[in-house]
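Reviewing the structure listed below.
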Amino acid sequence: MSPWLKGGMLALAALAISACSEPEDTREVVVYTSRGDHLVKPVFDAFTAETGIKVSYITDNDAALLTRLEAEGSNSPADMLITVDAGNLWQAAERGLLQPVHDDTLKAAVPANLRDPQDRWYGLSVRARTIVYSTERVNPEEELSTYEALAEEPWRGRLCLRTSKKVYNQSLVATMIERLGEARTEEIVRGWVDNLATDVFANDNAVMEAIIAGQCDVGIVNTYYFGRMQRDNPDMPLKLFWANQGEGESGMHVNISGAGVTAHAPHPEEAKALLVWMSQEASQRVLADGNMEFPVNPGVSPAPAVAAWGEFRADDLNVEVAGRRQVQAVKLMDRAGYR
C-alpha cells in the first residue's frame, strides 16, 4: 500500500472516530407541572426548537407534586416546578423546594408584586378573580361595586359561590385579611354565607351555570373560566364586573400561574434559561392566550378576546400574601360557616 493511500485511510478513520465521539446536545430540563398538557407543551416545544434544550415533564395536581418533590429530596430529577396560584408557590418555597434565581431579565419582565420577594418563584401569567353577574337581572352601575358589598342585605338569596376548599377562594380571603384585618374579613365572609342562594358549588363553571339558570344573580369567578364559557356560548347572559375599582379601594384581586427552579435541580442553568424564556413575548402569548389569561409581562398585550373585557386596576399587594395568610384564611372561612 502506498504511503499516500495509507495516510488517507488513517485520516478518514480519525474523522470517523471523531464524528462518532462528537457528543449530541444532551442538555435538558425536567419539569413537574400542574398545568395542562395543551398549555405547556407548545411552549416547551418552541423552547427546544430555539435552544436545543430538551424538555421532559410530568403533570399532576399541586399537592401531589409538592409531596413528590419533598419525598425525593436531593435525589429529585426535577429542575423546575410550574403550578397555579401564588399560595401553592409560596408553600413550595417555604418547604425548601425552590432555589433563588436572581436575573435582571426576569425582573424586568415580571412586576415585583407578581414574584417572590426572595426570587424563588416568578409569575408566568395572571388571572383575575372578580364578580360575574346576570345581564338579565342585575344593573351593574347601580348594584355592583366591591367584594365586600356582596355581603350586604341587597344580595340576600342572590349570591352563588364556589367551595372554600379551593385555593382560589382561600387566596382571595387571605388578601382581604391583609387589607382589611381578620375581624372585618370574617364579618364579610359571614355576610356572603348569609346571602347564598344555594349550597356552594364545586367549580366556577357551576357558579356561572347557576346564574344563567336563575338560581342566583351574581358570583365570584376566575376570569379565564368566564372566557372559556363565553368562547363556547358568545350570547350567554353573563358579564364580568371589575371589583373594587373606586377611589381608595383595593383594586381587583389577581393571582398567577408561576414557576421556580427546584432546590436540587440537576440542570439549574438550563432551568433558569427556560424560566427566563417563558417571561418573554413569544412564550407569554402562548401561556396567556392558551387559557384566556393575562400576560405577566406588562409589555405584552392580552389576546383580543381578553382585552375586550376592558381594563382594570389590580390590587398591588404582593401575591405572596396568598400563601403567607392561607392558614388564617382557611380557619376564618371555617368559623364563618363557608364550606
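Sort out for me the Cα centre separation of the range 120-176 from the range 264-324, rounded to whole Å.
22
Using the Cα centre as the reference, give the magnitude of the dipole from point charges on the C-beta atoms of the chain (Lys, Arg: +1; Asp, Glu: -1; all else neutral), rounded to the nearest 20 debye. Walk me through the numbers on the way to the answer.
Details: 32 positive and 48 negative charges, 112 e Å.
The calculated dipole for the chain is roughly 540 debye.
For the chain, what does the accessible surface come to per residue with a 1.4 Å probe? Please give it in Å².
On the way: 15130 Å² over 339 residues.
About 45 Å² of surface per residue is accessible.
Under the Kirkwood approximation for Rh and a Cα-based Rg, what ratio Rg/Rh is obtained for the range 259-339? It would help to have the intermediate numbers written out before the result.
Details: Rg = 17.4 Å, Rh = 15.9 Å.
Using only Cα positions, Rg/Rh for the range 259-339 is 1.10.
Suppose accessible area is computed on protein heavy atoms with a 1.4 Å probe; arrange Asp315, Asp194 from highest to lowest. Before the final figure, lay out each step's value.
Working: Asp315 10, Asp194 95 Å².
I get Asp194, Asp315, largest accessible area first.
Would you mind computing Rg(Cα) / (2.2 N^0.38 Å) for the chain, counting N as its residues? Walk me through the intermediate numbers first.
Working: Rg = 24.4 Å, N = 339, 2.2 N^0.38 = 20.1 Å.
It is 1.21.
Considering only protein heavy atoms, what is the solvent-accessible area of Thr146 at a probe of 1.4 Å, reported in Å² to the nearest 10?
We get 20 Å² for Thr146.
Which GluC sites (Glu not before Pro) from the range 38-139 combine a DSSP loop assignment with at most 13 other Cβ atoms within 10 Å? Don't skip to the end; give the middle numbers.
Working: sites: Glu50, Glu70, Glu72, Glu94, Glu136; in loops: Glu136.
For GluC sites (Glu not before Pro) across the range 38-139 that sit outside H, G, I, E and B with at most 13 neighbouring Cβ atoms in 10 Å, the list reads Glu136.
What angle do you read, to the nearest 10 degrees and between 0 and 90, between the alpha-carbon axis of helix 326-335 and the longest principal axis of the chain?
Once rounded, the angle reads 30 degrees.
Once the convex hull of the C-alpha atoms of the range 165-254 is built, how many Å³ does it hold per residue, rounded to a whole number? If you can, show how the numbers build up before the last one.
Details: hull volume 10.1 nm³, N = 90.
Spelled out: Cα convex hull of the range 165-254, divided by residues, is 112 Å³.
Report, in cubic angstrom per residue, the convex hull volume of the C-alpha atoms of the range 30-93. Before the final figure, lay out the partial values.
Working: hull volume 5.6 nm³, N = 64.
Considering the Cα atoms of the range 30-93, their hull volume per residue is 87 Å³.
Using a 1.4 Å probe, how large is the accessible area of Leu287, given in Å² and rounded to the nearest 10?
Accessible area of Leu287: about 10 Å².
If you average over every viewing direction, what projected area does the convex hull of the Cα atoms of the range 194-339 give, in nm²?
Values: hull surface 47.0 nm².
Orientation-averaged projected area of the Cα hull: 11.7 nm².
Students sometimes get this wrong: rank Trp155, Trp309 by accessible area, probe 1.4 Å, all chains present, largest first. Spell out each step's value before the answer.
Details: Trp155 5, Trp309 45 Å².
Sorted by accessible area, descending: Trp309, Trp155.
For the chain, please report how many Lys pairs fall under 17 Å Cα to Cα, leaving out neighbours fewer than 8 apart on the same chain. If you can, show how the numbers build up before the last one.
On the way: Lys41/Lys54; Lys54/Lys272; Lys107/Lys272; Lys165/Lys331; Lys166/Lys331.
For the chain, the number of qualifying lysine pairs is 5.
Which value, in Å² rounded to 10, gives the accessible area of Tyr133 with a 1.4 Å probe and all protein chains present?
20
Give me the percent of the accessible area of the chain that comes from carbon and sulfur atoms, probe 1.4 Å, all protein chains in place.
Values: 7790 of 15130 Å².
Whole-percent figure for carbon plus sulfur exposure: 51.
Considering only Ala64, Val218, Val261, whose Cα is most displaced toward the positive end of the charge dipole of the chain, charges sitting on Cβ of Lys, Arg (+1) and Asp, Glu (-1)?
About the Cα centre, the residue reaching furthest to the positive side is Ala64.
Between helix 223-232 and the chain, what is the angle of the helix's C-alpha long axis to the longest principal axis, kept within 0 to 90° and rounded to the nearest 10?
For helix 223-232, the angle is close to 90 degrees.
Would you list Arg179, Arg115 from the most to the least accessible area, probe 1.4 Å?
Values: Arg179 105, Arg115 40 Å².
Per-residue accessible area, sorted high to low, gives Arg179, Arg115.
Roughly what angle does helix 37-51 make with the longest principal axis of the chain, taking Cα atoms, 0 to 90 degrees, to the nearest 10?
30
The values are calculated or read from the model by the stated rules, or taken from the named source; none is laboratory data. Given the structure is predicted, the values throughout are model-derived calculations rather than measurements. Quick reminder, even Gly has a Cβ in these numbers, built from the backbone with ideal geometry, and neighbours come from all protein chains shown. The area values use the complete protein model at the heavy-atom level, side chains included, leaving out ligands, DNA and RNA. Shrake-Rupley method; radii C 1.70, N 1.55, O 1.52, S 1.80 Å.
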